[in-house]
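Reading through the structure tokens given below for one structure.
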Amino acid sequence: MVLTPTILTIISIVYGVLAIRMAFAVWKGRKSLFDDTVTPEDMRLANGIAFYFLWPPVVLLHEGGHALVAALFGAQGIRLHYFGYWGEITYPNTLTNRQDWWVALAGNVVSYTMGIALALAARYGRVTLIWRIILASAAMEQWYVVLFWYPLLCLTGSFQGDFNVIYGRAYWWAGSTVTAAIGVVSLIAYCWAAYYEGGKAWVRENLWRAAATPPGQEE
């Protein structure tokens, strides 16, 4: 399926409705969610908070990164189109290929950096365990999007986006090679942390700052 702006907007509306539903669920379960014990239901709600409520601000920052770099290169008439769970900027085609490359990269650098910032907040923030889980989950989501999901959509032709520029033949240069190398190494690290027991334990111990056994699975 080709993801057109119309389809993405419809998906964003659906996510918005689900976010309202999640807000009610969080409110209903708030006493259990924010007490000292983390249950499997708390984990579900924490992941929902990370996805539905922390993703839209990062999308806005992502598009802001694009807009800032485009403006620094002198682009005029920059317009932001923001739909919560996806967005884009448009401007007249007056920049060079190399400048467009930097514009495309900028938003994804913001997303990648936000993943780091959220992980650091989980690790060092003076917050409870459930908030560490929420922040770490949001960090993992950002890395999933910028390292796997978004590049995959672009490179398979499902969506014409940033990575068609970053890795496009007309735009390819040394910076594309460096970006690809960082992306591959980061993706390997992400897969280890997300799918291997050793990596999951590392996340729990170093980002959640909790015991290696997942909450709700103690014997």
Item checked: Whole-number D in µm² s⁻¹ for the stretch 1-84, Kirkwood Cα-pair radius fed into Stokes-Einstein, 25 °C, 0.890 mPa s -> 161
Notebook entry, point to check: Where is the GNM fluctuation largest for the chain (alpha-carbon springs, 10 angstrom cutoff): ALA193, ALA25, ALA121?
Noted result: ALA25
Checklist line | Helix-derived mean residue ellipticity, 222 nm - over the chain, DSSP H n ≥ 4, -39500 (n - 2.57), to 500 | finding: -22500 deg cm²/dmol
Notebook entry, point to check: Helix 174-195: angle to the longest alpha-carbon principal axis of the chain, degrees 0 to 90, nearest 10?
Noted result: 20
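What is the dipole size for the stretch 6-154, taken about its Cα centre, with +1 at each Lys and Arg Cβ and -1 at each Asp and Glu Cβ, in debye to the nearest 20?
It comes to approximately 240 debye.
Convex hull over the alpha-carbon atoms of the stretch 81-151: what's its volume per residue in Å³? If you can, show how the numbers build up before the last one.
Values: hull volume 7.4 nm³, N = 71.
Cα convex hull per residue, to the nearest whole number: 105 Å³.
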Check: For the stretch 67-118, which whole-number percentage of the solvent-accessible area (1.4 Å probe, protein heavy atoms only) is attributable to carbon and sulfur atoms?
Finding: 62
Checklist line | Low-density loop positions, chymotrypsin sites (Phe, Trp or Tyr not before Pro), the stretch 42-94 - DSSP coil, at most 16 other Cβ in 10 Å | finding: PHE73
Item checked: P(r) tail fraction, the stretch 1-158 - alpha-carbon pairs more than 25 Å apart, % -> 38
Check: Hey, what's the chain come to in accessible area per residue, 1.4 Å probe, Å²?
Finding: 56
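The values are calculated or read from the model by the stated rules, or taken from the named source; none is laboratory data. If you're wondering where the values come from, they're calculated on a predicted model, not measured in any experiment. Glycine gets a Cβ as well: all are built from the backbone with ideal geometry, and neighbour counts include every protein chain shown. Heavy atoms of the whole protein, side chains included, go into the accessibility calculation; ligands, DNA and RNA do not. Shrake-Rupley method; radii C 1.70, N 1.55, O 1.52, S 1.80 Å.
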